[in-house]
Each structure stands twice: as C-alpha cells, then as structure tokens.
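The values are calculated or read from the model by the stated rules, or taken from the named source; none is laboratory data. What you see is a predicted model; the values in this text were computed from it and never measured. FYI the Cβ positions are ideal-geometry reconstructions off the backbone, even for glycines, and counts take in every protein chain you see. All accessible areas refer to the heavy atoms of the entire protein, side chains included, with ligands and DNA or RNA removed. Shrake-Rupley method; radii C 1.70, N 1.55, O 1.52, S 1.80 Å.
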Amino acid sequence: MPPHSPSPASADTTSPRWQRSPQTAPPSPGTSDQIVAGIKRQIDDRHLRPGAKLPSIRNFAESYNISRFTVVAAYDRLVAMGYLQSRRGAGFYAAAGPLSMQTTRPTPSEDHKRNEQLVWLIRNLLEADENTVLAGGPWLPNSWLDEAGLRQSLNVLARKNGAHLLEYGHPFGYLPLREHFALMLDGLGIAANSNQILLTQGTSQALELVIRYLLKPGDAALVDDPGYYNMFGNLRLNGIEMLAVPRNPDGPDVTVLERLATAHRPKVYFTQSVIQNPTGTDMSPHVAFKVLQAAERHNFTVVEDDIFCDLQVKPTPRLATLDQLSRVIYVRSFSKTLSGSLRVGFVACAQDVANELADLKMLTSITTSQFTERLIYLMLVDGHYRKYLSRLHERLGEARGTVVRAFERTGLELFVEPADGMFVWARFPHIEDSLALAETSRRDGIMLAPGSVFRPHLERSPWMRFNVAICEEPRVLKLLARLASGAAA
C-alpha cells in the first residue's frame, strides 16, 4: 500500500483488489496507523469485498519491507474494530455480514441491535417455563440450592427487632457482613479491611459501578473472548470499544493482550481468573503474572470477576492475591450458590477507589438493602453454609464426570475438562456455527447456549456452553446424540 504501488497493468492479477488500487492507498506503509487507515478505506469504499483474503503477515511485511510486528499490530487492531476476521490456520479476511463496520466503532443503531440479541437471550432464560430445559443455562437448578437454610435464616431475621426492616442501609453496606467478607478474602490471601469493601446488588451492579468509574464513551477495554455476555452488553451501552483477548485453556492469550494494549492503550481489562464463564477454565499462575506485568507496563486496571469462587473445591491464588488490590479491582457475589433472588455482592479495591465507588452507588441507587445483607450474613456465619458447599461440590463433581463421559461418547469435543464449576465448553466437530443447533433444539424445548453470544462482537462460533447440572438429563443427551448424527452426516 505504498505511494508507488504497482499499477493495475503490472500488478499480479491474483492479488486482492486492495493491493492494486494506489489511488486509495495510504501515504506510506511504514506504521500500523497507516496500514489500518488504508485497509479501512479499502473496505469502506468496497474495493475490498467481504470475505476477501488479505496477504499473510509474512508476505505483507516482505512486500513492503516493514517489520512483521507492524503488520501484526495493524491486523489485530482491524480485527478488534470489526474490519477483519482472523481464522485460525487460514489467515485474515475482510469482515462480512453484520460484523462489517463502516466506522471505527459501531453506530448507536448497530449497538442497539446487538444488545437486542443479548436481551433476547436473557429474557428467554428468565421467562422459560417449567417445561423448558436450560441445558446452557447460567445457574443451578432450584432443587440443588439450600432453600431450607434460606427459610431458616429468614425466620431468624424476621424475629429480630430493629430498624433493618424499615431504614436505608449504610452507603458501604452492612458492616458485619463487610468484616466477614474481609475474613473470606484473607482466606484467599487477599488483604483488605472493611473500608475497602463496598456491598452491591450482585456483581451486575458492581461491574456497572466500576465501568462508570473507570471508563467514558470512546475508551477501550480488554475483554475475554469468549466471556460474560451481560458485561459486554453493559460496555456496549456505555460506548466502550471492546478489544477481544482470546481465551486459551490456561487463561488469556497474553501475546494478543500485549499487542492490543500497545496499539489501543486500554484503561481496563475485565476477566475471570477462576472457573471462567463460559469455558470453565482457570488462569494458570504464570499467565496471571504476565497479565499483571502487562497491566503495569501499559497502565491499565484489571477487574477480576470471581462470581464462581465458592464452586472451586481447593482455592487457588487470584489476580488480587498476587496484586493485593493495587491494580486489581475484585468483584464477587453469592447468587450462584445461595439465591439469584438475594442480590448481594461486593467490590474489594484500594481505599480511594472504594470511596469513589460508594459515591457513585449513592448517586445511582442510594443504598443497598440492609435487610438482604443481614440475611446473607446470617447464612454465611451460622456454619451451615460450609456443609452445604461441601455437598454441592460433591454433586457437581459427579455431574461433571457423567456429562464429560457422555459427551465423549456422543462425539462432542471439549475445550478442556474443567476441574470445578458447572460449565463445560464443547463443540461438534465440522460444525462452524452453533447458532443453528441452538435454534433446532428450541423446537424440542431445550435451550442451548451458542458460542456467538459469548463473543464481544457476536461473531459466529462452533462452541456451546453446557450446564452439567442440567445435561445429565436423558432428554438432553438424547437431543445431543441426534444433533451429533446430523453433524456427521
């Protein structure tokens, strides 16, 4: 793409159109900015058609006598912006269909359309009738939860006299519960006092407050790909540019993370280090160290979502353990193990950040429910919760073993066999887009979770999230066997 690109008469006729259009080339190919500008213009002007293959990184660098790193940085930025697609083992292609964007960021209407798809999924999960099997659902069956323990604590609290039934709570939340959370964090090797802990309405509010505090429209944030779809929707609502970091079995792809951080200067990286949703994977210690080193070099904050903490049998060090809440903001809740109806979570962070987040909390929601926080406190400290978790770990372990063996017999390929938690990330070989399988299964009253909804920009994916607590059911396994036979045909 230099100013002296070969004319159409002398150019290799097998080269893509963009290589043979000097009138639309950037002034020089010497920087990644210029490469990005040139390829964007070619796509915007439709000289480079959707699906067209770009030169390999090596060929591009050799053709224009520039470094491969410069080409890699440019291609990565174009992927993050939605102009290119990276296909493993095949190279880079101009984006096609709904992924092709005409600006560096989606327009408000495109953002709204993408969020409509996520809202549709969430609504279907919440409004599913009792006959719908949520094979890809995000929570445990009601029968697995401790309803008896909840009722017992509720009765105890209801008999107590006090203003908790009538008054607003403390801006930071119920102090004894915050002190108990400090003890729980100490068990993970995270040192925090009660004033560094802010209680929230689950992790959803915790993440929303953090997004408001750290980011403004137009800022860039690193996110896991695949990752938590509800947070992606929240970031999109706030006008944040999401930079997708591929998730490997041992955690994020640190090489890609480094490249994106160098090119875009993101302010935040949102991730899950343990039992990541949807892959069920854990971040290895050496990857965790590299993530924190990258955060230091590129000056971004790491937001660690540990919502599945209590589903891990043997606790391992978190990012917050290694960092001690210097660059890491830690969020967590108990909706997955206690009750989705009791919206209690918390943020643990540096003292000055906690003060700022408390101000935001008061401006947006006044306070959280003191009654609910006291109820959670009773459930956590009466000794019953630990016994319940022990039974839950055992039950999930048995279900994972059953489902993994059944999936292997069916022909499903596992991303990794998870050690803990409720999720398995799997695919049918030779199926490139699982969305069609999800649509087929709905007609049978079974809701699968296609991989596309877990991707920051909703790209197609062959993978699906499965909930082992549900997929033990013969009805689900029978459907998967039928889908497998169809996929193989």
Going by the conditions given, is residue 7 modelled with pLDDT under 50 and open to solvent by less than 40 Å² (accessible area, probe 1.4 Å)? no
Condition check: modelled with pLDDT under 85, open to solvent by less than 10 Å² (accessible area, probe 1.4 Å) and assigned to a helix (DSSP H, G or I). Does residue 125 satisfy that? no
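Could you please let me know if residue 24 is open to solvent by 30 Å² or more (accessible area, probe 1.4 Å), at pLDDT below 70 and among the β-branched types (Val, Ile, Thr)?
Values: open to solvent by 30 Å² or more (accessible area, probe 1.4 Å): no; at pLDDT below 70: yes; among the β-branched types (Val, Ile, Thr): yes.
No.
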Within segment 421-438, the residues that are crowded, with 21+ Cβ neighbours inside 10 Å and of a type outside the set (A, V, I, L, M, F, W, C) are 421, 434
For residues that are open to solvent by 10 Å² or more (accessible area, probe 1.4 Å) and in contact with a Phe, Trp or Tyr (Cβ under 7 Å, 6 or more places away or on another chain), scanning just segment 354-378, find the one that is farthest from residue 419 (Cα to Cα). 366
Go through (1) surrounded by 21 or more Cβ atoms within 10 Å (Cβ to Cβ); (2) in contact (Cβ under 8 Å) with a residue 60 or more places away in the chain; (3) over 13 Å from residue 325 (Cβ atoms) and name the single condition residue 190 misses. (3)
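When residues of segment 434-464 are filtered for being more than 19 Å from the chain's Cα centre (by Cα), in a loop (DSSP other than H, G, I, E, B) and of a type outside the set (A, V, I, L, M, F, W, C), how many remain? Walk me through how you get there before you give the answer.
Residues of segment 434-464 more than 19 Å from the chain's Cα centre (by Cα): 436-447.
Now drop any that are not in a loop (DSSP other than H, G, I, E, B), which leaves 443-445, 447.
Among the residues that remain, those that are also of a type outside the set (A, V, I, L, M, F, W, C) are: 443-445.
Total meeting the criteria: 3.
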Given the criterion at pLDDT 95 or above and touching a Pro at 6+ places or on another chain (Cβ under 9 Å), identify the matching residue among 278, 249, 266. 278
Quick one: would you say residue 32 is small (Gly, Ala, Ser), under 22 Å from residue 87 (Cα atoms) and modelled with pLDDT under 85? yes
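Residues 66, 43: which one is open to solvent by less than 40 Å² (accessible area, probe 1.4 Å), farther than 30 Å from residue 375 by Cα and at pLDDT 85 or above? Walk me through it before giving the result.
On the way: 43 fails: at pLDDT 85 or above.
It is 66.
Could you say whether any residue in segment 150-160 is under 25 Å from residue 357 (Cα atoms), outside any strand (DSSP E or B) and of a type in the set (Ser, Thr, Tyr)? Let's see the steps before the verdict.
Filtering segment 150-160 for residues under 25 Å from residue 357 (Cα atoms) gives none.
No; the residues of segment 150-160 include none that is under 25 Å from residue 357 (Cα atoms), outside any strand (DSSP E or B) and of a type in the set (Ser, Thr, Tyr).
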Within segment 217-248, how many residues are more than 17 Å from residue 81 (Cα to Cα) and in contact with a Phe, Trp or Tyr (Cβ under 7 Å, 6 or more places away or on another chain)? 3
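Out of everything in segment 328-353 that is among the charged types (D, E, K, R) and open to solvent by 50 Å² or more (accessible area, probe 1.4 Å), what residue ends up being modelled with the highest pLDDT? Please lay out each step first, then the result.
The initial filter retains those residues of segment 328-353 that are among the charged types (D, E, K, R), namely 332, 336, 343, 352.
Within this subset, residues satisfying the condition of being open to solvent by 50 Å² or more (accessible area, probe 1.4 Å) are 343, 352.
Working: 343: 88, 352: 97.
Selected residue: 352.
For segment 234-249, which positions are open to solvent by 20 Å² or more (accessible area, probe 1.4 Å) and under 18 Å from residue 214 (Cβ atoms)?
Step one: list which residues in segment 234-249 are open to solvent by 20 Å² or more (accessible area, probe 1.4 Å), which gives 234, 237-238, 241, 244, 246, 248-249.
If the condition is that a residue be open to solvent by 20 Å² or more (accessible area, probe 1.4 Å) and under 18 Å from residue 214 (Cβ atoms), then 234, 237, 238, 241 are the ones that fit.
Can you name the residue in segment 379-403 that is in contact (Cβ under 8 Å) with a residue 40 or more places away in the chain and more than 30 Å from residue 151 (Cα to Cα) and, of all such residues, is surrounded by the fewest Cβ atoms within 10 Å (Cβ to Cβ)? Outline the logic, then answer.
So in segment 379-403, the residues in contact (Cβ under 8 Å) with a residue 40 or more places away in the chain come out as 379-382, 384-385, 388-389, 392-393, 395-397, 399-400, 402-403.
Adding the requirement that they be more than 30 Å from residue 151 (Cα to Cα) leaves 402-403.
Details: 402: 14, 403: 25.
By that ranking, first place goes to 402.
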Can you tell me how many residues in segment 201-223 are in contact (Cβ under 8 Å) with a residue 60 or more places away in the chain, of a type outside the set (Gly, Ala, Ser) and open to solvent by less than 50 Å² (accessible area, probe 1.4 Å)? 8
One residue is enough: does segment 152-161 have a residue meeting the conditions crowded, with 22+ Cβ neighbours inside 10 Å and at pLDDT 95 or above? no
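So is residue 252 surrounded by 22 or more Cβ atoms within 10 Å (Cβ to Cβ) and closer than 24 Å to residue 450 by Cα or not?
Details: surrounded by 22 or more Cβ atoms within 10 Å (Cβ to Cβ): yes; closer than 24 Å to residue 450 by Cα: yes.
So residue 252 passes the test.
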Considering segment 455-489 alone, what residues qualify as being of a type in the set (D, E, K, R), open to solvent by 20 Å² or more (accessible area, probe 1.4 Å) and within 18 Å of residue 134 (Cα to Cα)? 472, 473, 475, 478, 482
Would you confirm whether any residue within segment 84-96 is open to solvent by 20 Å² or more (accessible area, probe 1.4 Å), over 20 Å from residue 245 (Cβ atoms) and at pLDDT below 75? yes
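Looking only at segment 264-289, which residues are more than 30 Å from residue 397 (Cβ to Cβ) and surrounded by fewer than 20 Cβ atoms within 10 Å (Cβ to Cβ)?
Let us first name the residues in segment 264-289 that are more than 30 Å from residue 397 (Cβ to Cβ), namely 264-269.
Within segment 264-289, 265, 267 qualify.
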